[in-house]
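Below: one structure, written as structure tokens.
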Amino acid sequence: MILCQNNVEEVYFQLEKTLSGLQWRMEECPQPGYSLSVDDDTFVDLNTLISKHLNRLPVDSDYIECSQRTVVNGKVWREGKWAVSPDVYDSEKYPNYCNGPCYLMPKSTTERLYEISKRTNADLQADDALLTGIFRSKAKIPLIQVFIHYLTPICDIQKLR
């Protein structure tokens, strides 16, 4: 197993971390078969991920696996902390996207999203909605959730702060 880690300061509205993460993954860390995006306040059970989880996922297909929750028909807020101007994104709803601390995708999905990111306006500050919603929707990549109730979730939000 090859584990690559990127140390980027976690700041809201820092979309560069997501887009530079895609670029870094493709250019500097091309070996691993999967990309796992994890928030800094989230614990990943790598034992469960490697020994029990990865073998349950589809093989030879593109997808993004949402670890916690899929937002369906998420409202685009025009006021408040997550406000988005219609000039930036004019739809009233986001495509379905992964909300939360952790999502997983095969390398081929990462490659496709990276290519889309290079030719898509990326002013949206909600990085989950942008990457796992808008970019994913443009690429026609499905969202999936694989969860078996007797297994510990691979990603757990920790109260570290």
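Of all residues in the stretch 29-72 being under 16 Å from SER117 (Cβ atoms) and of a type outside the set (Val, Ile, Thr), which is modelled with the lowest pLDDT? Lay out the reasoning, then the answer.
Keep residues of the stretch 29-72 that are under 16 Å from SER117 (Cβ atoms), which gives 35, 37, 62, 64.
In the following step, the residues that additionally are of a type outside the set (Val, Ile, Thr) were identified as 35, 37, 62.
On the way: SER35: 88, SER37: 85, ASP62: 96.
In this case the residue turns out to be SER37.
Can you run down the residue pairs with Cβ atoms below 9 Å, 6 or more apart or on separate chains, where the first is in the stretch 112-138 and in a helix (DSSP H, G or I) and the partner is crowded, with 24+ Cβ neighbours inside 10 Å and of a type in the set (Val, Ile, Thr)?
Sorted first by the residue in the stretch 112-138, then by its partner, the pairs are LEU113/ILE64; LEU113/THR132; LEU131/ILE64; THR132/ILE64; ARG136/ILE64.
Conditions (1) modelled with pLDDT under 90; (2) under 19 Å from ARG25 (Cβ atoms); (3) exposed (fewer than 14 other Cβ atoms within 10 Å of the Cβ); (4) among the aromatic types (Phe, Trp, Tyr), marked per residue:
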| position | (1), (2), (3), (4) |
| --- | --- |
| TYR94 | no, no, no, yes |
| ASN99 | yes, no, no, no |
| ASN121 | yes, no, yes, no |
| ALA139 | no, yes, no, no |
| HIS149 | yes, no, yes, no |
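Can you find, within the stretch 33-61, the residue that is surrounded by the fewest Cβ atoms within 10 Å (Cβ to Cβ) among those that are of a type in the set (D, E, K, R) and farther than 13 Å from VAL146 by Cα? Before you say what the answer is, go through the steps one by one.
Residues of the stretch 33-61 that are of a type in the set (D, E, K, R), as a first pass: 39-41, 45, 52, 56, 60.
Next, only the ones that are farther than 13 Å from VAL146 by Cα stay: 39-41, 45, 60.
Working: ASP39: 13, ASP40: 12, ASP41: 12, ASP45: 16, ASP60: 6.
That would be ASP60.
Which ones in the stretch 101-119 are among the polar types (S, T, N, Q) and modelled with pLDDT of 90 or more? Spell out the reasoning first.
Quick first cut of the stretch 101-119, residues among the polar types (S, T, N, Q) only: 108-110, 117.
SER108, THR109, THR110 - these are the residues of the stretch 101-119 that are among the polar types (S, T, N, Q) and modelled with pLDDT of 90 or more.
The values are calculated or read from the model by the stated rules, or taken from the named source; none is laboratory data. Predicted, not measured: the structure shown is a model, and the values here were computed from it. Using ideal geometry, Cβ is built from the backbone for each residue, glycine included, and neighbour counts are taken over all protein chains shown.
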